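A short write-up of the structure that comes next.
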Amino acid sequence: AVHGGSGLNFGVIELIKKIYKYSDDYKLAHRIDKFTSGCLIIAKKMSSLRDVHAQFRNKQVKKVYECIVHGQWPKSKTKIESNIEVRKLNNQRFSVESEAGKTSYTKFKFIKCNDLFSHIVALPITGRTHQIRLHCSSAGHPIVGDNKYNLQNKNQLSKNKNLMLHSNQIKFMINNKKYTFNA
């Protein structure tokens, strides 16, 4: 997990503070879901944190996610736009598509598929809670290993326990210099 909570006493930032000297001021610049792997931005200075947060607000941070989804993703499905609202049930947060929600937008690129699964790339333009997971599920192609948003295809629950969602690349600027990180 990125943060402690949900039954965990620690998260990534707490681990970093234990491992590295002089890391008491390190801050998370954004979050990824507990079961998502890949790139995460950690700011060493408050000025950098504010700068990255401003870039997120202005949609200047570019993120690329690799996904393995159930079924054959249609090559023509290149974007999903919907309103997403975060709700709480039994002390668990989840997102739903709702008129009352905030606008969310994800672009998709088809990579390849076989009879059972598709490899796609998701490029979130907005950053709503569980946005990619919900968009894939609402398209009828939930992410492999996602037992939370595999709503239409409960019979397709994968034996794979890992969420097949990976934050592959992130691009942003610090002091007018472009940075690209890949995981």
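Which of Val64, Tyr179, Gly140 sits closest to the plus end of the dipole of the chain, meaning its Cα is farthest towards the positive end, when Lys and Arg get +1 and Asp and Glu get -1 on the C-beta? Toward the positive end, the furthest listed residue is Tyr179. Note that the range 1-147 presents 59 Å² accessible area per residue, ligands and nucleic acids not counted, probe 1.4 Å.
Between Lys79 and Ser37, the modelled labels are 3.1 nm apart [label points 7 Å from Cα along Cα→Cβ].
Got a number for carbon plus sulfur as a percent of the chain's accessible area, 1.4 Å probe? It would help to have the intermediate numbers written out before the result.
On the way: 5660 of 11420 Å².
Carbon and sulfur together cover 50 percent of it.
With R₀ set to 45 Å, the beta-carbon distance separating Ile174 from Glu99 gives a calculated FRET efficiency near 0.75. In angstrom, the C-alpha Rg and Dmax of the chain are 17.1, 51.
Counting only DSSP H runs of at least 4 residues, each contributing -39500 (n - 2.57), and dividing by the residue count of the chain, the helix-based mean residue ellipticity at 222 nm comes to -4500 deg cm²/dmol. Within the shell defined by Cβ-Cβ distances under 15 Å, the residues around Ser37 carry a net charge of +2, with Lys and Arg each +1 and Asp and Glu each -1.
The values are calculated or read from the model by the stated rules, or taken from the named source; none is laboratory data. Bear in mind that the values here come from a model prediction, so they are computed numbers and not experimental data. Positions of Cβ are backbone-derived with ideal geometry, glycine not excepted, and every protein chain shown enters the neighbour counts. These area figures cover heavy atoms from the full protein model, side chains too; ligands, DNA and RNA do not enter into them. Shrake-Rupley method; radii C 1.70, N 1.55, O 1.52, S 1.80 Å.
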